[in-house]
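Student: Questions regarding the structure given below will be posed in turn.
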Amino acid sequence: MTDTASLIALDPQTAARLIYSQFPELAGEAIAPLAAKGTDNHIFRVGNELCARFPKVSGAAGTARREAAALPRFLGAPLSVPKVYAMGAPGEGYPLVWSILEWLPGTPLEDSGLTDPFAAAGQVGEFIGFLRDVPVSDGFHPGACNNGRGAPLQTRTPAFEVALARLPQVDPAWANRLWSEALRADEASAPVWLHGDIHPGNILVSDGLISGIIDWGLCGVGDGACDLLTAWAVFDSAPREVFRKSASAADAEWMRGAGWALSMAVIYLPYAYENGLRSDMSEKMIARLGEEFA
């Protein structure tokens, strides 16, 4: 989790100087900060069609390069993904590489709603299927560079155990049983492309339908079960089955996906509670997992 004491500050005036000096063609565009929701990036609107993403912490320094290198591979996806406009260099006292991306219209699902959860479940499952058909590339394997998204599930055990001990709201017997079942399903699988963080904050909705997927800084090549965490982050029981069918998830992969969802929620919640951050998505994930794997 991000250490709030290590955040790199960036005010709108400094961001504007960086953008205008490195990309003079944008000098006439208004620069407007967005309210911070995520933990990794300062985000600024650049006019009506672009946004600039500046990593907040040194640990996220590689996300801009990773995102910019990966995104062109996914153009033509069944849901919109941002196009890359340019990469920016350190300057004006800001120490990291940053990026300018296309601004996609829509509202994050966490602030909106779906008119048809079943159709949405099919959309996201189809999108994950599209990612898995994109030829994989070296240089995108899981590791510290993408918080281990797509790595073998067992690599999350130490962090899971520490966080669970700090989370008395969750029944440890149930959580450890589900975790053990997920680990037993950790079968070898061919590496595929994955987004790594498809949750309501990174899903865009327009007119009640899913329109785009944003925030690709944790994408990579690895175990595609990681992207199945979306099943419990977004969908209740009946549409979740539509999602599973659309994503063609077999039993072992589904169990690993449940392990990813459980570990993501358990590891995040103590941090959220201790720092006063929004926690409803992770709480819903645990509740949905509890219903399905009682």
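The values are calculated or read from the model by the stated rules, or taken from the named source; none is laboratory data. Note that the structure is a prediction, hence the values are computed from the model and not measured. Every residue, glycine among them, receives a Cβ derived from its backbone with ideal geometry; neighbour counts consider all protein chains shown.
Student: Let me spell it out: the conditions are (1) on the phi > 0 side of the Ramachandran plot; (2) within 16 Å of the chain's Cα centre (by Cα), and G76 meets all of them except one. Which number is the exception?
Tutor: (2)
Student: Continuing with this model, one more query. Output the residue which, of all residues in segment 40-70 that are charged (D, E, K, R) and either assigned to a loop (DSSP other than H, G, I, E, B) or within 18 Å of W193 (Cα to Cα) (or both), is modelled with the lowest pLDDT.
Tutor: Per the criteria, the residue is D40.
Student: To continue, here is another question. Identify, by number, the condition in (1) over 18 Å from the mean Cα position of the chain (by Cα); (2) free of Cβ contacts under 8 Å to residues at least 40 places away in the same chain that L18 doesn't meet.
Tutor: With (1) over 18 Å from the mean Cα position of the chain (by Cα); (2) free of Cβ contacts under 8 Å to residues at least 40 places away in the same chain applied to L18, the lone miss is (2).
Student: Can you pull out every residue in segment 85-96 that is surrounded by 17 or more Cβ atoms within 10 Å (Cβ to Cβ) and out of contact with any strand residue (DSSP E or B) (no Cβ under 6 Å at 6 or more places or on another chain)?
Tutor: Hit for segment 85-96 is Y94, nothing else.
Student: I'm trying to understand the selection: among the residues of segment 103-160, which are out of contact with any Gly (no Cβ under 7 Å at 6 or more places or on another chain) and aromatic (F, W, Y)?
Tutor: W103, F118, F127, F130, F160
Student: Anything in segment 139-191 that is of a type in the set (A, V, I, L, M, F, W, C), out of contact with any helix residue (DSSP H, G or I) (no Cβ under 9 Å at 6 or more places or on another chain) and closer than 20 Å to A287 by Cβ? List them, or say none.
Tutor: Scanning segment 139-191 gives a single hit, A173.
Student: I need the helices (runs of 4 or more DSSP H) fully contained in segment 89-201, keeping only those with at least 2 residues that are touching a residue at least 60 places away in the same chain (Cβ under 8 Å) and closer than 21 Å to G76 by Cβ.
Tutor: Fully inside segment 89-201 and qualifying: 117-133.
Student: Within 14 Å of the chain's Cα centre (by Cα), modelled with pLDDT under 95 and more than 22 Å from G139 (Cβ to Cβ): which single residue out of G201, G212, G208, G217 fits that description?
Tutor: Result: G201 is the single residue among G201, G212, G208, G217 that is within 14 Å of the chain's Cα centre (by Cα), modelled with pLDDT under 95 and more than 22 Å from G139 (Cβ to Cβ).
Student: Could you tell me which residue of segment 21-39 is farthest from the chain's Cα centre (by Cα), considering only residues that are modelled with pLDDT of 95 or more and assigned to a loop (DSSP other than H, G, I, E, B)?
Tutor: A27
Student: How many residues, within segment 22-34, are under 16 Å from Y85 (Cα atoms) and touching a strand residue (DSSP E or B) at 6+ places or on another chain (Cβ under 7 Å)?
Tutor: Result for segment 22-34: 5.
Student: Here are some conditions: (1) closer than 16 Å to A233 by Cα; (2) touching a strand residue (DSSP E or B) at 6+ places or on another chain (Cβ under 8 Å). A121 meets all but one. Which one does it not meet?
Tutor: In the conditions (1) closer than 16 Å to A233 by Cα; (2) touching a strand residue (DSSP E or B) at 6+ places or on another chain (Cβ under 8 Å), A121 misses (2) alone.
Student: Can you pull out every residue in segment 10-24 that is closer than 22 Å to D40 by Cα, among the polar types (S, T, N, Q) and surrounded by 13 or more Cβ atoms within 10 Å (Cβ to Cβ)?
Tutor: Matches in segment 10-24: T14 only.
Student: Moving on to the next point. From the list A9, A15, exactly one residue is in contact with a His (Cβ under 8 Å, 6 or more places away or on another chain), more than 28 Å from L131 (Cβ to Cβ) and not in a strand (DSSP E or B). Which is it?
Tutor: Going through A9, A15 in turn, just one is in contact with a His (Cβ under 8 Å, 6 or more places away or on another chain), more than 28 Å from L131 (Cβ to Cβ) and not in a strand (DSSP E or B): A15.
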